[in-house]
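Below is one structure; the comments refer to it alone.
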Amino acid sequence: MSDHYVKVKVQLEQMKSFGEDAEKEGVDTEEQLPVSSPPASVSPDPSSTTIAGRDASNISITCKHRGKSRTKQGKDDKNSCGKDISDLSLHGSVVSAHDGKNLNRLGHERTLHIRGTGKILQGKSETNGNYVTIHASKNVQDMRREDGFKLPKKRRPVTVDTSKAKTSLEALKLSIKQLKWKEFPLGRRTACDIYWHGVSFHDNENIVSGQVNKFPGMIEMLRKINLSRAVRTMQELFPEEYDFYPRSWILPEEYQQFSTQIRMVKENDATVNPTFIVKPDGGSQGDGIYLIRDPSDLKLMAGSQAKQGVVQEYIQKPLLIDKLKFDIRLYVLIKSLEPLEIYIAKEGLTRFCTEPYQEPSQKNLSHVFMHLTNYSLNVHSGNFVHSDSQSTGSKRTLSSVLYRLAAKGVDIKKVWSDIIALVIKTVIAVVPELKVYYQADIPPGKPGPTCFQILGFDILLMKNLKPVLLEVNSNPSMRIEHEQEVKVNDVKIKAFMLLFYYYYFISIILFFQVAPGVFEYVPSPVDEDVKVGVIRDTLRLMDPGHKKPSTSQPRAAGFEHREEIPMEAETQERSPDEGALPSLCLKQVYPKYTKQFNYLRLVERIAALFIRFLGVKGNMRLGPTAFRTFIRTCKLSNSNFTMASVDILYIDITRRWSGTTPDSREAGMGLQAFVEAFFFLAGRRFKSLVLKEQVVSLLELCEAQLESQSGVEDRRSLSCSRALPRAVKTQTLGLTNPQLGSPAPLRRAASQDYRLHQKLKPRTLRANVEN
Ligand code: ADP
């Protein structure tokens with residue numbers, strides 16, 4: 001029986017009494033949840049959480065330590081709070097942590113039993129946030145040596161430029177302290193190892209080395225329209241795999257389509273009465289969102305301007321807890337684009353509505369506290385509950401919700417693995433265009449930083465427990481405070497209010513005990529636990545002194561090494577300097593699950609062709625000549641499809657796409673238009689196949705052509721006494737960016753993966769070629 005299982009069992013026992021309470025509170029799960037496997041099958045990650053025994057007194061101690069209130073600084077904040085579920089393991093081997101307090105809590109001692117050694121490790125969190133080992137038994141050092149670590153060498157601390165960190169500054173400072181790294185709050189004349197930006201890659205334009213915590217183009221890519229388009233492309237290729245995103249229409253261009261489709265659905269079945277949610281393109285925090293039941297209710301114009309946005313199928317039957325709708329905020333790290341590396345935070349947050357849920361009706365459509373889970377909206381409801389407990393209130397940890405479901409017999413292992421799949425598939429959908437942005441901003445051959453980014457995934461669980469993607473935030477709030485209405489109990493404010501209202505409203509104030517409309521920021525221990533963990537462990541993974549794991553081997557290795565799935569992050573990613581830190585709260589999911597998902601990466605291969613023909617100038621759009629060159633080089637024209645037809649295709653598709661996206665001022669063919677052209681060409685050439693097979697076949701054809709030509713180029717340059725240096729040759733062949741190229745072994749392996757997933761009988765390529 002695994003430790004894991006034991007832990008979960010103990011926790012569920014501890015939850016028994018809690019479960020009984022929950023029943024009294026009225027969890028809707030009896031009515032709603034399909035009861036499946038018993039809690040024994042709890043997922044590895046959620047189950048490693050310790051949810052019990054975090055008493056309010058611990059929290060209040062922390063509040064006193066760092067308890068300064070802050071006034072509101074801005075409104076770019078979306079959340080929330082939670083609890084670090086990373087168990088306090090050393091190489092994953094801790095059996096118990098006698099003190100249930102979190103590492104981020106200050107000034108607490110902790111005793112850890114090291115499994116298999118009988119030794120005890122004692123540690124203490126200092127008031128500065130550092131965690132120091134008081135006593136580490138010799139065996140721990142031995143274990144570390146056995147695990148292949150050299151004993152710590154003194155090395156220069158990693159430097160972090162925090163001058164642009166904005167609202168994540170406080171969590172970042174705590175993380176840097178815990179890591180004993182060096183912070184540069186005002187920037188630095190010489191280069192830093194890491195630059196932490198609050199908003200975008202472009203917050204600081206002059207970075208030529210190191211690592212930046214934002215990818216160029218991420219904000220644009222994750223706007224509602226672009227995300228919907230990217231997912232839709234994947235839905236065309238893999239409808240079953242991408243059914244986690246609600247059906248969406250782009251506004252205003254697809255209004256007619258939307259209107260016609262809904263009318264037809266209603267005509268076919270009069271009992272169907274769907275609801276739709278309308279979201280402005282660049283909106284956040286629920287701004288501008290509304291529900292409709294009929295296309296004619298859409299507000300298409302803002303003044304004389306057509307409103308850009310999406311209208312989306314509204315999920316009418318969400319899973320409810322305490323009769324309330326809630327959604328999940330999950331933190332995801334994209335560590336690198338090439339090779340693709342994705343990590344998921346083991347702990348997340350859940351944000352609850354503040355008015356009991358009812359299925360949408362004409363009467364309740366405008367009840368935002370019933371239908372929208374945004375923290376920023378619900379915090380203004382009189383029913384919002386600030387709770388220091390992780391498992392009650394309007395913001396709870398994901399683990400506390402999963403445990404509650406597990407206690408009801410829900411198969412949370414399945415829920416968790418569905419969530420991981422949703423995240424990987426979504427990232428695979430946006431990566432192709434991100435690569436286009438990347439090469440435009442950091443052109444190959446030009447000095448520039450590398451990038452990583454923490455994203456915030458908003459996920460809704462349906463009543464049948466299926467996770468649905470609502471949106472992805474490129475700048476999830478990393479605030480470790482929450483907004484709260486000022487309590488009149490505060491002596492100073494009370495005195496002020498008493499003075500102010502003395503003659504008029506004193507009785508009303510005393511009655512309500514709050515100062516309505518007056519908000520302040522107060523420390524949120526749960527926010528701190530989750531977010532500092534995510535930032536600190538992101539930094540640990542990005543540590544430039546870290547020996548790269550096998551996944552970051554030179555590109556040439558590509559996916560041919562995909563069988564060697566790296567070990568769990570906890571054991572692999574630790575550096576010798578990290579002895580006193582807890583195990584990583586970020587779990588690697590890609591390349592770990594490469595085998596399961598690699599076959600989905602078809603659009604990325606199309607993007608590799610696109611980038612190759614863009615040239616090396618950092619363009620984002622293909623001109624007509626470059627498109628012709630693509631057709632010629634890949635030998636896609638023939639007597640049935642002449643170069644004149646190619647030009648017509650280019651003009652037709654480019655014209656349709658111009659004006660459809662907010663940033664389409666630039667002339668030429670963008671990636672999405674190129675993908676459409678590619679699908680068209682694939683359909684034309686391999687008529688008898690289904691779309692994804694058509695696309696794979698055309699990709700293989702193009703890649704084979706390019707490969708054979710690069711072979712010729714290589715031979716030519718070998719026979720030439722003034723051969724170009726290797727790097728320059730690579731650029732001229734289009735594999736221009738060491739981070740972004742799509743080497744032949746990678747492509748071959750991706751094709752093989754795809755074939756593995758084909759359920760249809762293999763056909764010979766030639767038989768289907770239309771010539
Ligand atoms: P914003 O960026 O403004 O927060 P979201 O897409 O996250 O926009 O939507 C806001 C809220 O609306 C979500 O938190 C969720 O509660 C609700 N919501 C969004 N899309 C749907 C949907 N398709 N079905 C049901 N509820 C939704």
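The values are calculated or read from the model by the stated rules, or taken from the named source; none is laboratory data. Predicted, not measured: the structure shown is a model, and the values here were computed from it. Neighbour counts are summed over all protein chains in view; Cβ atoms, including those assigned to glycine, are modelled from backbone coordinates with ideal geometry. Only protein heavy atoms, including side chains, enter the accessible area calculation; ligands, DNA and RNA are left aside. Shrake-Rupley method; radii C 1.70, N 1.55, O 1.52, S 1.80 Å.
Miscellaneous remarks
- The set of residues in the stretch 305-337 being more than 12 Å from the ligand (Cβ to nearest atom), open to solvent by 20 Å² or more (accessible area, probe 1.4 Å) and assigned to a loop (DSSP other than H, G, I, E, B) consists of LYS307, GLN308, ASP322, LYS323.
This table checks each residue for (1) modelled with pLDDT of 95 or more; (2) within 16 Å of the ligand (Cβ to nearest atom); (3) farther than 22 Å from LYS224 by Cα.
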| residue | (1), (2), (3) |
| --- | --- |
| LEU434 | yes, no, no |
| LYS446 | no, no, yes |
| ILE459 | yes, yes, no |
| LYS463 | yes, yes, yes |
| GLN484 | no, no, yes |
| LYS487 | no, no, yes |
| LYS492 | no, no, yes |
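- Where a residue in the stretch 305-323 is on the phi > 0 side of the Ramachandran plot and its partner, wherever it lies, is more than 9 Å from the ligand (Cβ to nearest atom) and open to solvent by 40 Å² or more (accessible area, probe 1.4 Å), with Cβ under 8 Å and at least six apart: ASP322/GLU25; LYS323/PRO356
- LYS395 satisfies every condition listed in (1) under 26 Å from the mean Cα position of the chain (by Cα); (2) surrounded by fewer than 20 Cβ atoms within 10 Å (Cβ to Cβ) except (2).
- Taken over the stretch 216-251, the criterion of being in a loop (DSSP other than H, G, I, E, B), out of contact with any helix residue (DSSP H, G or I) (no Cβ under 8 Å at 6 or more places or on another chain) and under 25 Å from SER200 (Cα atoms) is satisfied by ARG223 alone.
- Taking the stretch 287-304 as the range and being of a type in the set (Gly, Ala, Ser) and open to solvent by less than 70 Å² (accessible area, probe 1.4 Å) as the test, the residues that pass are GLY288, ALA302.
- The stretch 238-283: number of residues that are touching a strand residue (DSSP E or B) at 6+ places or on another chain (Cβ under 7 Å), farther than 24 Å from PRO318 by Cα and free of Cβ contacts under 8 Å to residues at least 40 places away in the same chain: 1
- Flag for LEU614 being surrounded by 20 or more Cβ atoms within 10 Å (Cβ to Cβ), touching a residue at least 60 places away in the same chain (Cβ under 8 Å), in contact with a helix residue (DSSP H, G or I) (Cβ under 8 Å, 6 or more places away or on another chain) and under 28 Å from ILE454 (Cβ atoms): no
- Of the numbered criteria (1) within 30 Å of PHE384 (Cα to Cα); (2) within 14 Å of the ligand (Cβ to nearest atom); (3) surrounded by 17 or more Cβ atoms within 10 Å (Cβ to Cβ), the one SER248 fails is (1).
- For the stretch 288-300, the criterion of being in a loop (DSSP other than H, G, I, E, B), within 15 Å of the ligand (Cβ to nearest atom) and without any contact (Cβ under 8 Å) to a residue 40 or more places away in the chain is satisfied by at least one residue.
- Residue count for the stretch 367-387, restricted to those that are part of a loop (DSSP other than H, G, I, E, B) and either within 13 Å of the ligand (Cβ to nearest atom) or open to solvent by less than 60 Å² (accessible area, probe 1.4 Å) (or both): 8
- Residues that are aliphatic (A, V, I, L, M), in contact with a helix residue (DSSP H, G or I) (Cβ under 6 Å, 6 or more places away or on another chain) and modelled with pLDDT of 95 or more occur in the stretch 145-167; there is at least one.
- Qualifying positions in the stretch 338-366 - within 13 Å of the ligand (Cβ to nearest atom) and among the polar types (S, T, N, Q): THR350, THR354
- Whenever a residue of the stretch 467-483 is assigned to a strand (DSSP E or B), its partners that are modelled with pLDDT under 95 and within 9 Å of the ligand (Cβ to nearest atom), lying with C-beta atoms within less than 7 angstrom and at least six residues away or across chains, give the pairs ASN473/LYS78.
Yes or no, residue by residue, for (1) open to solvent by 40 Å² or more (accessible area, probe 1.4 Å); (2) away from the ligand (no atom under 12 Å from the Cβ); (3) closer than 23 Å to ASP418 by Cα; (4) not aliphatic (A, V, I, L, M):
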{"site": "VAL208", "(1), (2), (3), (4)": "yes, yes, no, no"}
{"site": "ASN226", "(1), (2), (3), (4)": "no, yes, no, yes"}
{"site": "PHE244", "(1), (2), (3), (4)": "no, no, yes, yes"}
{"site": "GLN257", "(1), (2), (3), (4)": "yes, yes, no, yes"}
{"site": "THR271", "(1), (2), (3), (4)": "yes, yes, no, yes"}
{"site": "THR275", "(1), (2), (3), (4)": "no, no, no, yes"}
{"site": "GLN285", "(1), (2), (3), (4)": "no, no, no, yes"}
